[in-house]
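First comes the structure, then the notes that go with it.
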Amino acid sequence: MLGYYLQLALRSLRRNRPLTALMIAAIGVGVGASVTLYTALEAMSADPIPAKSSQLFNVQVDNWGKDQESGELAREQIAYPDAAALLRAKPALHQSPMYPLAFNIRPTTGDIKQFSAPARAVTADFFGMFLAPFASGGPWLRADDQRHANVVVLGASLAARLYPAGNAVGNVITLKDRVYHIVGVLKPWRLEPRVYDLTFRVFLQTEDIYLPFSAAIANQLWTAGGNWCNRPFPPTWDGRLASECRWLQYWVELPTASAVADYHGFLVSYAQEQRRLGRFHWSPDVGLPDARQVLRAANMTPPGMRVSVIAAFGFLLVCLFNATGLMLARLSGRFTEFSVRRALGASRREIFGQCLADATLVGVAGGVLSVAVTLLGLAFERHLLRDDYARLIVVDVNEVIEALILAVVAMLGAAIYPAWDASRHPPAWKLKAE
Amino acid sequence: MEILPILSALRRNKVGAVLIALQIALTLAIVCNALPVIQRHLERMRRPTGIDESNIFTLNNQWVGQPQDLRSRIKGDLATVRGSPGVIDAVETDSFPLHGGGSSAGLFLAPEQKFPTAHTAQYLVDEHGFATYGLKLEAGRWFTADEIGEMQPHDTKVPGSIVITRNLAHALFPSVSALGQMVYMDTRAAPSRIIGIVERAQTPWAGFSWAESFIENSTFMPYEFLYKGQYFVVRTRPGQMAGAMQAVQNRLFAQSHQRVIDDVQPFAESRKDTYAVPRATSVLLTVVCAVMLAVTILGVTGLTMYWVTQRRRQIGMRRALGARQRDVLRYFQVENLLIAGSGVAAGVVLGLIGNLWLARHLELARMGVGYICAGGAIVLVFSQAAVLWPALRAARVPPAAAIRAL
């Protein structure tokens, strides 16, 4: 029966070409545009680490006070005195203060041109907290953090560049005239946006080099990232560490609600203690948002993008109304045929089925077109966006399947009323009228 | 006018008519809300930086290791870059307009002031800065060679003289001329004298919403940037950019290989990078709006076309009973006017509601009722045009169609 319906549908498609073409075009373009824009929005607002984002917390301690006009500036960053004190106070927790660095690397082979590699000072806990995948070796030990060991974990691309034979672990790398032992190499690691530090180039890949926070401080490596000060910046290294400038991100992993409540209480009492000691002159103002809240507050999605997606779905709705109208027109042109079939014994349900088969065929054709529109649209989007954002937009089989299914479902949805309308006519009623 | 028969005919085709009206309503509401977003993006993207964008390129240089003779190396580099073929002038600095990173500071009018009067970006330049950027001097003068000092990263020095932009001058001294006035960059240090005012120089942070409030507040400070990594801003003769970019790199490497050079980029590329997202958004929105209008118009044509075919006999009958071609044409146009008109009315309401929501969530300006009504009028004209061809075909139906079998 289905084969017969499809045969009938094919015939009818050929009979009413302009209307059919218009329907296919409307469905194809409408679905294609929506999937294209939605893919981009999704890529930009995705949770990069869904398994952990509700357990990772960004520690915020207000060390400037409310009388500062810029008190809300860079709240996701804290000052070194606070980071050091928090790290000391709760040694058992999984936590990591961190800051970005950049090193010039001299290649071991070939070209003599040096290149610059992004790095980050973290603790041994960092890798487990943010699910960094290891290709070989592993994170350094907590003991290495304690004794400021000069060890590093390399990212996949840098390790491959320096040690193409894959023997990076156990070898060394020289950073700012100091030798560091390579203890681990990561697999290619995408974390987009890079949730643990949203201060700059957030869609750039994760770092090439990770080294112990304690070693970075001991070796007097100053941040390559943002530094927010409420007073002029001290020129000496010790002065910088002691200053109230905010330049460190601090993350803790708190697996349960009670752990979160405990840690929040601890932060409040820490801030109270700082007040007693005379460092803070205000009642405790601390924050402990989880990764999802941090992402939401940072509002990574460009506002225009959201409007575009709303517009695209509105457009899809317009296309659906359009398809419904055209389907209505096409089917009512075939009332005579339906009446004859009814008179010959077809049930209303069979007429309804036939109309839906017809719509499915249109939907599949529209789906194929929508896949083409989606692929073109995503390529165009990548071309327009350049760099960071463009790398986010990956065309994979998901988008293709989404577009196909959406087109067929949309067309079927659009065809329900017209099909019901067509099946409603009594047998031979039309014949009489002719 | 035969409105009543049209209405009763419509009642038999109400689903089709409602669908057209809905399409028109949605299209109008969405397009009218998208246009201000596009317009706002375009306005932001078009703002000039105030520098000679088409002839400037920038490059980043980093010395390897901890060179002890930085001062002479930088002097040598500057002489090399300035002497390269096709180069008009060059400066070395830590930041430049649209760069994305740089320093900002508050400016105070008096040492006891608690909050700054204005925020500003800080640019380090020497006496070549004026010619390099191609700035326009509005008052006063640029720095002379003997005024140029040295600045290392995180130095807290305050210069004796500064050049500021017109916008910053107005923000600091709304009622009097800023030229010759003293301002404090650090309330515990000596004030700086404003020796010159330039027309315009954007901050490094155009495109960042947090810096929107002081986008044209910039201060030039007479310092050579003394650090092992710096940017060179190079202005070339018109049409000689590509050659100069290559020549400068070759000559710098010929001078010393102990360096990393990257981010060699014409300024036009920096601009494209800065505005990539708003540009992409506006282009995509424009495409969506245009295609949506097209789909709606084609839908109107398609459905009307079908109605004409369906009503061939009725049209023939009316023609046989004395209706002129003009009457048939008018019938379809009035019918369309009724359908599209109700769609436009719904669209105006829907659009205004949508705008209220957008204004609240995206800080967009409220839309005028006149604006969306004008949009509605345009959609009506489009819709009438869409119906013209099927209506003309209907008008050509001969009276004899009434008695002919379909």
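The values are calculated or read from the model by the stated rules, or taken from the named source; none is laboratory data. Fair warning: this is a prediction, and the values are worked out from it, not measured in the lab. Cβ placement follows ideal geometry from the backbone for every residue including glycine, while neighbour counts extend to all protein chains displayed.
Details
- Meets criteria (of a type in the set (A, V, I, L, M, F, W, C), touching a His at 6+ places or on another chain (Cβ under 9 Å) and not in a strand (DSSP E or B)) for residue B:190: no
- If you go through the stretch B:202-247 and keep only what is charged (D, E, K, R), over 18 Å from residue B:54 (Cα atoms) and either touching a Phe, Trp or Tyr at 6+ places or on another chain (Cβ under 8 Å) or not assigned by TED's automatic domain parsing to the domain that holds residue B:265 (or both), you end up with just B:228.
- Wholly within the stretch B:81-182, strands (runs of 3 or more DSSP E) carrying at least 3 residues that are within 14 Å of another protein chain (Cβ to nearest Cβ): B:103-107, B:118-125
- Restricted to the stretch B:60-74, and to residues there that are facing another protein chain (nearest Cβ under 9 Å) and assigned to a loop (DSSP other than H, G, I, E, B), the residue that is surrounded by the fewest Cβ atoms within 10 Å (Cβ to Cβ) is B:66.
- Residue in the stretch B:25-42 that is closer than 30 Å to residue B:240 by Cα and exposed (fewer than 15 other Cβ atoms within 10 Å of the Cβ) present: yes
- In the stretch A:103-162, residue surrounded by the most Cβ atoms within 10 Å (Cβ to Cβ) [restricted to those that are under 28 Å from the mean Cα position of the chain (by Cα) and among the charged types (D, E, K, R)]: A:120
- Within the stretch A:22-44, tally of residues that are surrounded by fewer than 16 Cβ atoms within 10 Å (Cβ to Cβ) and either of a type in the set (S, T, N, Q) or at pLDDT 85 or above (or both): 0
- Residue in the stretch A:236-243 that is away from every other protein chain (no Cβ under 14 Å) and in a strand (DSSP E or B) present: no
To keep it simple, each residue is scored yes or no on (1) closer than 30 Å to residue B:69 by Cβ; (2) not assigned by TED's automatic domain parsing to the domain that holds residue B:385.
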position: B:260; (1), (2): yes, yes
position: B:266; (1), (2): no, yes
position: B:270; (1), (2): no, yes
position: B:282; (1), (2): no, no
position: B:286; (1), (2): no, no
position: B:289; (1), (2): no, no
position: B:292; (1), (2): no, no
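- Of the helices (runs of 4 or more DSSP H) lying entirely inside the stretch B:306-401, those carrying at least 1 residues that are in contact with a Ser or Thr (Cβ under 8 Å, 6 or more places away or on another chain) and free of Cβ contacts under 8 Å to residues at least 60 places away in the same chain are B:325-362.
- The requirement of being more than 17 Å from residue B:21 (Cβ to Cβ), more than 10 Å from chain A (Cβ to nearest Cβ) and surrounded by fewer than 22 Cβ atoms within 10 Å (Cβ to Cβ) is not satisfied by residue B:333.
- Meeting the requirement of 3 or more residues that are within 29 Å of the chain's Cα centre (by Cα) and in contact (Cβ under 8 Å) with a residue 40 or more places away in the chain, the helices (runs of 4 or more DSSP H) wholly within the stretch A:277-349 are A:291-298, A:303-332.
- Flag for residue A:288 being buried (at least 16 other Cβ atoms within 10 Å of the Cβ) and within 11 Å of chain B (Cβ to nearest Cβ): no
- Checked against the criterion of being in a helix (DSSP H, G or I) and over 25 Å from residue B:37 (Cβ atoms), the candidates B:294, B:242, B:280 yield just one match: B:242.
- Criterion violated by residue A:8 - all others in (1) assigned to a helix (DSSP H, G or I); (2) modelled with pLDDT of 80 or more satisfied: (2)
- Tabulated pairs, the stretch A:239-262, first under 12 Å from residue A:95 (Cα atoms) and touching a residue at least 12 places away in the same chain (Cβ under 8 Å), second surrounded by 13 or more Cβ atoms within 10 Å (Cβ to Cβ) and of a type in the set (D, E, K, R), C-beta under 7 angstrom, 6+ apart or interchain: A:249/A:76; A:249/A:197
- Within the stretch A:210-235, the set of residues being assigned to a helix (DSSP H, G or I), touching a strand residue (DSSP E or B) at 6+ places or on another chain (Cβ under 6 Å) and aliphatic (A, V, I, L, M) comprises A:216 only.
- Scope the stretch B:292-309; condition surrounded by fewer than 21 Cβ atoms within 10 Å (Cβ to Cβ) and either farther than 20 Å from residue B:387 by Cβ or facing another protein chain (nearest Cβ under 7 Å) (or both); matching residues: B:298
Yes/no per residue for (1) on the phi < 0 side of the Ramachandran plot; (2) under 32 Å from the mean Cα position of the chain (by Cα); (3) in the same structural domain as residue B:228 (by TED's automatic domain parsing); (4) not acidic (Asp, Glu):
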residue: B:117; (1), (2), (3), (4): yes, yes, yes, yes
residue: B:121; (1), (2), (3), (4): yes, yes, yes, yes
residue: B:133; (1), (2), (3), (4): yes, yes, yes, yes
residue: B:138; (1), (2), (3), (4): yes, yes, yes, no
residue: B:160; (1), (2), (3), (4): yes, no, yes, yes
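- Only one entry in A:97, A:91, A:50 is at pLDDT 85 or above and under 23 Å from residue A:206 (Cα atoms), namely A:97.
- When residues of the stretch A:10-33 are limited to those that are facing chain B (nearest Cβ under 9 Å) and among the small types (Gly, Ala, Ser), the one farthest from residue A:361 (Cα to Cα): A:33
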